[in-house]
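To start, the structure under review is shown below, and the notes come after it.
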Amino acid sequence: MKTLESNWQTKHQTLDLLCELVEIPSVTHSKAEIKLAEYVEEKLRKLPYFQGNKELLSLHNTEDNRKFVTALVKKGNEKRTVILVSHFDVVDVDDYGNLKEFAFKPKELTELFYENKISVPEDVQRDLEKGNWLFGRGTMDMKCGLALHMSLIEEACTESFDGNLLLLTVCDEEVNSVGMRNAAPILLDMAKQYDLEYYACLNSEPMFARFPGDENQYIYSGSIGKVLPGFLCYGKETHVGEPFSGLNANYMASQLTCEIELNTEFCEVVEGEVTPPPTNLIQKDLKKEYNVQIPHRAVTLFNLFIMEQSMEGIVEQLRASAEKVARRIEQGFEKRAVHFSKIEGSSPNEVHVKVINFDELLQYAKVTHGEEKVDKILKRVLRDRGMKDDRDVSIHLVDEISILCKELSPMIVLFFAPPYYPAISSRNHPRINRVVGNIIDLAKNQNNINLKEQKYFAGLSDLSYVGLEKPASSLTHLTSNMPLWNQGYSIPLDVLEELNIPVINLGPVGKDAHQWTERLDVDNAFDVLRDMLTITIQQLLSENIE
């Protein structure tokens, strides 16, 4: 075994590395996000191993000119390889309020928290009394994981593992996973170029509480999936002085939100684990300015977690909910119209609301109005997208096709917007099963920690893009109803099918991700977890899966 001068092998060294990473404010889509990728590459480049094997450390460009890093430590002709995956982007820091200037200064911010214990929430006060915590944006989510992986890569340079380690750290996990979606083909190329066999993909996202006050610690053998279903509501325009001559799209959208928000009928249960219910992420009307015309077009989008449910089943359930709401809108409108007609002495109007999937609307538009006209609309929207994100562009595309087909209104159009996270689970994989069981025993026997296995990491992660649980052909109900699919957003489904890498997530104890009280348990991360990760990798690389 080789020896080398240590850079990140002690607790103090790795903590300092974490603080250096946090101090670069790598908010998704910022210039600092690119800077951090370059910084990681620069730090790794200083290791003697990569000075002698320059081709094994690379800074890659994404499709939108951001960057991600791969660093391979290869042991002779060994094929067995464990991928260490992490992300280095973070969410914005507006939630820090008057502490915003310290959000990326973890040591100073931590001092402020300890000096002003009585001014912070009670649960934070309790942690400050009994633990060694580091505060700051990205401390737990997930620059600690990256710092630990860099430490493990340095350890691998001493030939201490019976196989290869491949570090992959990416941008954009917090928004669209552009980094990981671009990295998947690179992983496949590297496997062929360097004759690698991927035994596992190890993520170190922090543990997430399953419920308020949850103090349990977890190891994960999979990662939850997600879709973003949307409903564009197209009512009927009218003057506010004649509301029963039209149909307000905000009313339609609000009824959909009332039906789907926190609706536990959408919860999925797998081996005792339950997906959180759907919740609304966007709801708005599509009027461009104020006037006294009622809003006759509106949209509402929901976060919907998935584990094993088929895409066909999801679309059927969403469609059934929309049909239910359509009837409720008709009945509610009729009831109020009748009441008003009695007051005014007029005849009440009726409405009939259609429910249609985007692929059906698009096909109708092409048949009725011509493919050339439809294609011109789609190309114009995509050409003029400017700074609009994928959600806004998706809404705009559905809106323009709906306007073209306004003779179908009133209608509710079901569609999907990016991102899509495929659910992935290796709970039935022999190697992952063995390693998870062994690490749970190790945590109990050596550290008196009751580590619990979770089949799905509930915080969403880039593990979704290293394999595909179901055939790509089963996703047509999603892709055909996603206006941006292959029009600026896509997932290399064929690559994921070919990769098919077993997954595991073992990360640090932290709390309050995406909140101003985000914090990391320093002792757990750099005393307990660091050693546990070395053992996890050794076991993942082992040929013995008994």
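The values are calculated or read from the model by the stated rules, or taken from the named source; none is laboratory data. Computed from a prediction, not measured in an experiment: that's the story for all the values here. Backbone-built Cβ (ideal geometry, glycine too); neighbour counts: all protein chains shown. Surface accessibility is based on the protein's heavy atoms, side chains included, excluding ligands, DNA and RNA. Shrake-Rupley method; radii C 1.70, N 1.55, O 1.52, S 1.80 Å.
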Inset, instruction - Measure nothing fancy, just the Cα-based angle from helix 371-383's long axis to the longest principal axis of the chain, in degrees from 0 to 90, nearest 10. - result: 50
Inset, instruction - Taking just the C-alpha trace of the range 477-527, give me its Rg and Dmax in Å. - result: 18.7, 49
Legend entry - Volume per residue of the C-alpha convex hull in the range 154-208, rounded to whole Å³: 115
Inset, instruction - Compute the label zone of Ser6 within the range 493-525: residues whose backbone N is under 17 Å from the point 7 Å along Cα-to-Cβ. - result: 523-525
Inset, instruction - Send over the Kirkwood Rh of the range 242-382, from the inverse of the averaged 1/r over different Cα pairs, rounded to one decimal Å. - result: 17.9
Legend entry - Contact order relative to length of the range 63-142, as percent, for alpha carbon pairs under 8 angstrom and 6 or more apart: 33
Legend entry - Range of Cα positions in the range 1-142 per principal axis (Å), largest first: 57, 40, 24
Inset, instruction - Using a 1.4 angstrom probe, figure out how much accessible area the range 235-332 has per residue, in square angstrom, rounded to the nearest whole. - result: 47
Inset, instruction - With just the Cα atoms of the range 226-298, tell me how far they stretch along each of the three principal axes, in Å, largest first. - result: 55, 22, 13
Inset, instruction - Round to the nearest 10 and give me the degree value, 0 to 90, for the angle of helix 144-156's Cα axis relative to the longest principal axis of the chain. - result: 40
Inset, instruction - Please give the length that would be gained between Gln193 and Lys35 if that part of the chain were fully extended, namely 0.36 nm times their separation in residues minus their C-alpha to C-alpha distance (nm, one decimal). - result: 54.1 nm
Legend entry - Cα centroid separation - the range 244-314 against the range 371-390, whole Å: 24
Inset, instruction - Go ahead and collect, in residue order, the members of the range 296-325 whose backbone nitrogen is under 19 Å from a label point 7 Å along the Cα-Cβ direction of Val274. - result: 303-309
Inset, instruction - Would you mind checking the tilt of helix 430-447 against the longest principal axis of the Cα atoms of the chain, expressed as 0 to 90 degrees and rounded to 10? - result: 60
Legend entry - For the range 360-487, accessible area per residue (1.4 Å probe, heavy atoms of protein chains only), Å²: 43
Inset, instruction - Send over the Kirkwood Rh of the range 138-186, from the inverse of the averaged 1/r over different Cα pairs, rounded to one decimal Å. - result: 12.3
Legend entry - Accessible surface, 1.4 Å probe, highest first, among residues Tyr364, Tyr220: Tyr364, Tyr220
Legend entry - Nearby lysines by direct alpha-carbon distance to Lys342 (threshold 24 angstrom, same-chain neighbours under 8 apart not counted): Lys236
Legend entry - Sorted peptide list for 44-53, 169-178, criterion being average Cβ within 10 angstrom, highest first: 169-178, 44-53
Legend entry - Label point distance in nm, Arg336-Asn77, each placed 7 Å from Cα along Cα→Cβ: 7.7
Legend entry - Simple spin-label estimate for Asp527 and Thr264 in nanometres, 7 Å along Cα-Cβ: 4.0
Legend entry - Relative contact order %, the chain, counting alpha carbon pairs below 8 Å whose residues are six or more apart: 21
Legend entry - With all protein chains modelled, accessible area of Trp485 [1.4 Å, Å²]: 40
Inset, instruction - Could you pull the accessible area for Tyr421 with a 1.4 Å probe, rounded to 10 Å²? - result: 10
Inset, instruction - Based on the mean of other Cβ atoms within 10 Å per residue, sort peptides 109-120, 204-215 so the most packed one is first. - result: 204-215, 109-120
Inset, instruction - For n ≥ 4 DSSP H runs only, could you compute -39500 (n - 2.57) per run for the chain, divide by its residues and tell me the 222 nm figure to the nearest 500? - result: -12000 deg cm²/dmol
Inset, instruction - Please give the per residue accessible area of the range 77-191, computed with a probe of 1.4 Å over protein heavy atoms only, in Å². - result: 33
Legend entry - Whole-percent carbon and sulfur share, accessible surface of the chain, 1.4 Å: 48
Legend entry - Separation of alpha-carbon centers, the range 395-460 and the range 466-539, rounded to whole Å: 9
Inset, instruction - Please express the shape of the range 422-491 as an equivalent ellipsoid: the semi-axes are the square roots of 5 times the eigenvalues of the C-alpha gyration tensor, given largest first in whole angstrom. - result: 36, 13, 8
Legend entry - Span per principal axis, largest first, for the Cα atoms of the range 188-281 (Å): 70, 42, 22
Inset, instruction - Pull up the cross-link candidates among the lysines for Lys74, meaning alpha carbon to alpha carbon under 23 Å and not fewer than 8 places away within one chain. - result: Lys2, Lys43, Lys46, Lys54, Lys192
Inset, instruction - Report Val269's accessible area, 1.4 Å probe, all protein chains in place, as a number in Å² to the nearest 10. - result: 100
Legend entry - Length-normalised contact order of the range 251-317 in % [C-alpha pairs under 8 Å, at least 6 apart]: 32
Inset, instruction - Could you please tell me the mean projected area of the C-alpha convex hull for the range 295-348, averaged over all directions and given in square nanometres to one decimal? - result: 5.4
Inset, instruction - Using 0.36 nm per residue of separation minus the Cα-Cα distance, give me the extension gain between Lys373 and Gln13 in nm, one decimal. - result: 123.4 nm
Legend entry - Quotient of C-alpha Rg and 2.2 N^0.38 Å, computed over the chain: 1.07
Legend entry - Rg/Rh (Cα only; Kirkwood hydrodynamic radius) as it applies to the range 323-364: 1.21
